[in-house]
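Reviewing the structure listed below.
The numbers here are math on the coordinates, done by the rules we state, and not lab data. Values in this document were obtained by computation on a predicted structure and should not be read as measured data. When we count neighbours, we look across all protein chains shown, and the Cβ atoms used for this are built from the backbone with ideal geometry, even at glycine.
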Amino acid sequence: MKSPLLTLPGAVPAEGVDEGVAAHYGDLFREQRALADGTGFVDLSHRGVVAVTGEDRLAWLHLLLTQHVSDLPAGRATEALILSANGHIEHALYLVDDGATVWAHVEPGTQEALIAYLESMKFFYRVEVADRTADIAVVHLPAGSIAEVPEDAVVRETPHGRDLFLPRADLEAYAAQAGPPAGILAHEALRVEQHRPRLGFETDHRTIPHELGWIGSAVHLQKGCYRGQETVARVQNLGKPPRRLVFLHLDGSEVHLPVAGTELRLAGGGTSRSSEAESGGGPDGRKVGFITTSARHHELGPVALALVKRNVAVDAPLVAGDTAAAQEVVVEP
């Protein structure tokens with residue numbers, strides 16, 4: 001979905017997964033500061049929107065999701081995952097029930113696969129699943145925003161702000177009165193600062209919820225069976241996840257940010273590729289993880305989220321490519 005807000009002054013289109021909305025509107029740091037101050041909005045209209053209706057919707061979703069939603073009160077936001085049989089993360093849903101419909105927004109382009117799975121699990125339950133991406137757009141208002149919310153919008157309120165499910169036809173009119181727009185890069189920088197994982201960024205084909213700190217916020221440990229629960233319970237009760245999410249402060253003297261996938265190595269074997277190779281895979285220079293998301297923050301400078309091996313010391317200095325990195329614990333080892 002290509003947003004009509006790409007015609008706003010200064011809009012620079014985003015690339016990759018976030019293609020379809022603006023990366024920024026000409027001033028990345030100003031846009032970040034506005035969001036941090038509770039002003040402006042973020043166009044997330046490229047995200048998929050899935051609606052579930054029917055009197056069995058909550059009881060049915062409760063059987064499929066990692067979150068406890070059987071008695072989810074109307075208006076209360078939550079998030080949930082769908083796991084594979086082996087406990088690996090396949091989908092992340094950001095939910096709210098308005099009393100008649102469960103609304104969820106998901107990563108761009110993932111709604112078709114999600115709906116196909118949900119349809120295969122309907123059986124005798126009185127539910128209907130619909131892809132509403134074509135007619136409903138998501139807009140994010142930051143925490144503290146006093147922007148007016150249209151009467152026909154469904155609101156998903158979280159500690160980080162409010163997600164509005166708006167009629168797509170009303171998007172331009174709402175943007176005209178919602179305050180200054182902020183691009184997806186500003187939104188991502190604050191997400192990294194808040195240590196919040198994102199499907200497809202902090203996840204790969206073998207990621208389990210414990211590695212990212214999704215236990216509690218998206219995984220309920222006291223609910224009944226769902227696909228992948230055995231892995232969740234086994235790791236919770238008997239084992240430890242093989243990797244853990246960390247927040248990184250990156251060396252601000254580097255011109256270029258290390259991109260997603262950049263290898264993380266223990267510092268000490270040299271920061272250049274040649275000296276790392278000469279370390280021979282010993283304690284210094286050993287590969288211990290990789291960058292998942294990097295960003296330039298308006299106050300913190302260059303920062304990143306990364307996955308590292310669980311047994312990496314929490315105070316171990318790291319190197320991302322040629323860039324020095326200091327850890328901050330997100331998931332305890």
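About its Cα centre, what dipole magnitude does the stretch 188-235 give when the only charges are +1 on Lys and Arg Cβ and -1 on Asp and Glu Cβ, stated in debye to the nearest 20? It would help to have the intermediate numbers written out before the result.
Values: 7 positive and 6 negative charges, 43 e Å.
Using Cβ point charges on Lys, Arg, Asp and Glu, the stretch 188-235 gives about 200 debye.
In the chain, a dipole from Cβ-located charges (positive for Lys and Arg, negative for Asp and Glu) runs towards its positive end, and of S294, V255, P333 it is P333 whose Cα lies farthest in that direction. Positive end of the dipole of the stretch 48-131 (Cβ unit charges, origin at the Cα centre): among A104, G75, Y125, the Cα lying farthest that way belongs to Y125.
If one computes the Cα centroid of the stretch 73-95 and of the stretch 138-216, what distance in Å separates the two points? Result: 16 Å between the Cα centres. Under 15 Å from a label point set 7 Å out along the Cα-to-Cβ vector of N86, the amide N atoms of the stretch 183-216 belong to 204-209. Here the simple spin-label model places points 7 Å from the Cα toward Cβ, and for E151 and F123 these points are separated by 4.2 nm.
Only Lys, Arg, Asp and Glu count, each charged at its Cβ (+1, +1, -1, -1), so figure out the dipole size of the stretch 48-131 about its Cα centre, rounded to 20 debye. For this selection, approximately 160 debye. Reported to the nearest whole Å, the Cα centre-to-centre distance from the stretch 245-261 to the stretch 19-60 is 25.
Out of all DSSP beta bridges in the chain, what portion is antiparallel? Express it as a percent rounded to 5. Please report the intermediate quantities before stating the final value.
Working: 65 of 69 bridges.
Once the DSSP bridges in the chain are tallied, antiparallel ones form about 95 percent.
In straight-distance terms, cross-link reach from K240 covers every one of the lysines whose alpha-carbon lies under 18 Å from its own, apart from those fewer than eight places away in the same chain; here that gives K309. Taking every DSSP helix (H) stretch of at least 4 residues in the chain, weighting each as -39,500 (n - 2.57) and dividing the sum by the residue count yields a mean residue ellipticity at 222 nm of -5000 deg cm²/dmol. Please give the FRET efficiency for D135 paired with D322, using the beta carbon to beta carbon distance and R0 = 56 Å, rounded to the nearest 0.05. Approximately 0.75, to the nearest 0.05. Computed about its Cα centre, the charge dipole of the chain is approximately 1020 debye, with only Lys, Arg, Asp and Glu carrying charge at their Cβ.
Starting from the Cα of D37, step 7 Å along the direction of its Cβ; do the same at D98; then give the gap between the two resulting points in nm. Once both label points are built, they end up 3.2 nm from each other.
Once the convex hull of all Cα atoms in the chain is built, its volume per residue stands at 132 Å³.
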